[in-house]
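A short worksheet on the structure shown next.
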Amino acid sequence: MIRIIPKLDIKNENLVKGIHLEGLRALGDPEYFAEHYYLNGADELIYHDVVASLYDRTSTLPLIEKTSKKTFVPLIVGGGIKNLKQIEKILKSGADRIFINTAAINNNKLVKNIITEFGASTLVVSVEVVKNKKNYYCRKDFGREETDIEFINWCKNLQDIGVVELLVTSIDKDGTGEGFDLDIAEKLQKFIEIDYILNGGFSKLDHFLNVLNTCKPSGFAIGSALHYNVLKHKINSKKFDGNFEFLKTKKKFNNFSKLSIHDIKKFLNKKKSIEFRKI
């Protein structure tokens, strides 16, 4: 089963979004967006504190607690996680699963310890990928820090130590609306046996078909396309505290179709006979 998963990046209690993981703009209250997506049919939700690793903190606990009381689909939380005590607090606050990126690269043993302590299904490993000439390499700290780790080799390593699902983000495609990175998807399909969620680049329904014609991801994580659709309808609401002139000018945002999760699921059901949870 394929899941449609809104990805909500959070900075200082605001939902934010940028392009290539940079130029983050405040869009509003993440709790409001999360509840909206749940009611619209999201299969899971992702909360990502994008500056937590910079400031060595886990500040989303109150937000997790509030969201878990209003949404009844799995909540995946990441950002700044470095040890088992943090994970325990996050899960007790209402998260169902956690994801790590930087900590997994810095400390392979932590991945094994998480699987032993909480079970493999509790953990998703985030893999942030950028293309350098012909090869793809991993980055960490929300794309801020380069590594020399080739991405498929890293995914194989994670698979070998017991990870069962990856969240793979194309930094090159993030926020652009140009479509998912098909090279990344095809490499994952060819070389990796565990589940993988694709993230980065979606803006049009045909982008799903481009992937699904050859690949079988376990889910699609979507940010910009869903967030901007909400904002276009709610731009004058007090629920949103941000500078939205960039949307009004339509520069760089003509790529994004006006789509809700309901629209996406209806399309995939019709084109690929994919069944989803009923709202």
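Values computed for the structure shown
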{"item": "Positions within region 247-279 being within 15 Å of Tyr228 (Cα to Cα), at pLDDT below 85 and either part of a loop (DSSP other than H, G, I, E, B) or under 21 Å from the mean Cα position of the chain (by Cα) (or both), in sequence order", "result": "Thr249, Lys250, Lys251, Lys252, Phe253, Asn254, Asn255, Phe256, Ser257, Lys258"}
{"item": "Any pair with Cβ under 9 angstrom, 6 or more apart, that starts in region 102-121 at a residue that is over 21 Å from Tyr196 (Cα atoms) and ends at one that is charged (D, E, K, R) and assigned to a helix (DSSP H, G or I)", "result": "Glu117/Glu88"}
{"item": "Residue within region 181-203 that is in contact (Cβ under 8 Å) with a residue 40 or more places away in the chain and farther than 25 Å from Ser224 by Cβ present", "result": "yes"}
{"item": "Count of region 11-33 residues which are surrounded by fewer than 22 Cβ atoms within 10 Å (Cβ to Cβ) and of a type in the set (Val, Ile, Thr)", "result": "1"}
{"item": "Meets criteria (more than 18 Å from the chain's Cα centre (by Cα) and within 29 Å of Ile161 (Cα to Cα)) for Lys89", "result": "yes"}
{"item": "Test: residue in region 100-120 that is assigned to a strand (DSSP E or B) and either touching a strand residue (DSSP E or B) at 6+ places or on another chain (Cβ under 7 Å) or among the β-branched types (Val, Ile, Thr) (or both)", "result": "yes"}
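The values are calculated or read from the model by the stated rules, or taken from the named source; none is laboratory data. A quick note: this is a predicted structure, and the numbers were derived from the prediction, not measured. Virtual Cβ from ideal backbone geometry, glycine too; neighbours counted across all protein chains shown.
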